[in-house]
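Here is the structure we will look at.
Bear in mind these aren't lab numbers, they're just calculated from the coordinates by the rules spelled out. These numbers were taken from a predicted model, which means no experiment stands behind them. Glycine gets a Cβ as well: all are built from the backbone with ideal geometry, and neighbour counts include every protein chain shown.
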Amino acid sequence: MTERIVVVDDDAIILRNADSVLSGAGFRVTCLKSGKMMLDYMDKNPADMLLLDIRMPEMDGFEALQALRYREREASKKATPVIFLTANDDGESETRGLSLGAMDFIRKPFVPEALKLRVSNLLELIRLQNDLHREVEKKTAELENLSVHVVQALAEAIDAKDNYTNGHSTRVAEYSKEIAKRYGYSPERQEEIYMMGLLHDVGKIGIPDEIINKPGRLTDEEFAIIKEHPEKGAKILSSVPEMPKLATGARWHHERYDGRGYPDGLKGDEIPEEARIIAVADAYDAMTSSRSYREKMPVESVISELKKGMGTQFDERFAKIMLEMI
């Protein structure tokens, strides 16, 4: 693909010479006489490089570049690479230009071959940087996908301990992500809470199978052992420093909004928001799944329990969103 070069200078001779050299080198060249014309042009047209004169009437090159960068940020566009054209040889101009993000300076009057080589070399450098950036993004995405698959496999291994709750962790993760989405979480935070939901019950790895799968109600002693799983889970996940929030869902998904939950008895906004979301999703899936001690509850009863738990067991905002989802 032929690169597009925009040259901005109030000197017609400089424009003509730059056009001749760069067009002859195979670039598509647009020549403009002022910073204002450049801004109007760049609003509607992309460019691979901008050659910008510093000393121009009305708007100098520094002002023009500042205005361009502002417009690019507002439009969420990538910053256009800039080379300043200057007849001066002073360090102050060079320092200011580089601080504004210019890549290089070319002295006027320029040597044709030098202009061609400087532009070509910088564009090649940009191509290499873009290729590297794309490769890094690709590998990062592959690693993230691998992480999700590993966590999914671990969640399935946790669920496999309980004969009655196969798929529980995945469903809690999906419900939590949907609640977070409807509440206004960014896509990144939605993915984060999805991972937290997948691993909210990881502490059950340390709970004996005979307690998890016991038919009928648990004794007080057995229930006390079950209640250890949030702390066990948080301890396991605290060893993953790259994702410090994973432990949040594991430790506090059994806290209650009224402070009567466990393990820490947190109340209201003391409970991390993600844990409050996961708590609603977890309770909903528990009520709509068959357990060793009861059949799944009918939808009308689930709705009634969620409403009854608003402000006591659940944060009302997230319980309302769960009801909307139902």
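In terms of surrounding Cβ atoms within a 10 Å radius of their Cβ, Phe314, Phe105, Phe27, Phe223 rank from fewest to most as Phe223, Phe105, Phe27, Phe314. If the viscosity is 0.692 mPa s and the temperature 37 °C, what Stokes-Einstein diffusion coefficient in µm²/s follows for the range 267-311 when Rh is the Kirkwood radius over Cα pairs? Using the Kirkwood radius from Cα pairs, D works out to 285 µm²/s. Specify whether the C-alpha gyration tensor of the range 176-252 places it in the rounded, prolate or oblate class, a ≥ b ≥ c being the square roots of the eigenvalues: rounded for a/c under 1.5, otherwise prolate if a/b is larger than b/c and oblate if not. Since a/c reaches 1.5 and a/b is larger than b/c, the shape of the range 176-252 is classed as prolate.
Given their separation in residues at 0.36 nm each and the Cα-Cα distance between them, Glu270 and Asn213 gain 17.3 nm when the chain is fully extended.
Projected label points at Glu174 and Leu117, each 7 Å from Cα along the beta carbon direction, are separated by 6.2 nanometres. For Ser289, Ser20, the sequence from fewest to most other C-beta atoms within 10 Å is Ser20, Ser289. Which of rounded, prolate or oblate describes the range 160-325 when judged by the alpha-carbon gyration tensor and an a/c cut-off of 1.5? Rounded shape, in that the Cα axes give a/c under 1.5. Between Gln66 and Leu132, the C-beta separation translates, for a Förster distance of 30 Å, into a calculated FRET efficiency of about 0.60.
Taking amide H atoms as placed 1.01 Å from N in the peptide plane, the amide H of Met59 lies under 5 Å from those of Gly35, each 5 or more residues away in sequence or on another chain.
So if R0 is 45 Å, what FRET efficiency would Arg107 and Ala286 give, r being the distance between their Cβ atoms, rounded to the nearest 0.05?
0.05
The length gained on full extension between Glu156 and Asp258, counted as 0.36 nm times the residue separation minus their Cα-Cα distance, comes to 33.6 nm. Taking Cα atoms only, the orientation of helix 12-24 departs from the longest principal axis of the chain by about 60 degrees. Looking at the range 242-326, the trypsin sites (Lys or Arg not before Pro) that sit in a DSSP loop and have at most 14 other Cβ atoms within 10 Å of their own Cβ are Arg260, Lys267. Between the helical axis of 187-198 and the longest alpha-carbon principal axis of the chain there is an angle of about 30 degrees. Peptides 120-130, 76-86 ranked from most to least packed give 76-86, 120-130, packing being the mean of other C-beta atoms within 10 angstrom over each peptide's residues. For the chain, the longest principal axis of the C-alpha atoms and the axis of helix 168-183 are separated by about 50°. Name the most mobile residue of Ile106, Ile212, Ile158, meaning the one with the largest mean-square fluctuation, in a Gaussian network model of the chain with Cα contacts below 10 Å. So, out of Ile106, Ile212, Ile158, the one fluctuating most is Ile106.
Taking each of Lys177/Lys307; Lys33/Lys108; Lys181/Lys320; Lys177/Lys245; Lys177/Lys320 in turn, the alpha-carbon distance tops 18 angstrom for Lys177/Lys307.
Of all beta bridges that DSSP places with both ends in the chain, some 5 percent have antiparallel geometry. Taking a ≥ b ≥ c as the square roots of the Cα gyration tensor eigenvalues, the range 90-139 comes out oblate, since a/c reaches at least 1.5 and a/b does not exceed b/c. Here the relative contact order of the range 8-99, from alpha carbon pairs under 8 Å that lie six or more residues apart, stands at 27 percent. Loop-resident GluC sites (Glu not before Pro) (DSSP state other than H, G, I, E or B) in the range 250-326 with no more than 13 further Cβ atoms inside 10 Å of their Cβ: Glu295. Across the chain the C-alpha pair distances fall into 20 Å bins from zero in the proportions 26, 30, 24, 18, 2 percent.
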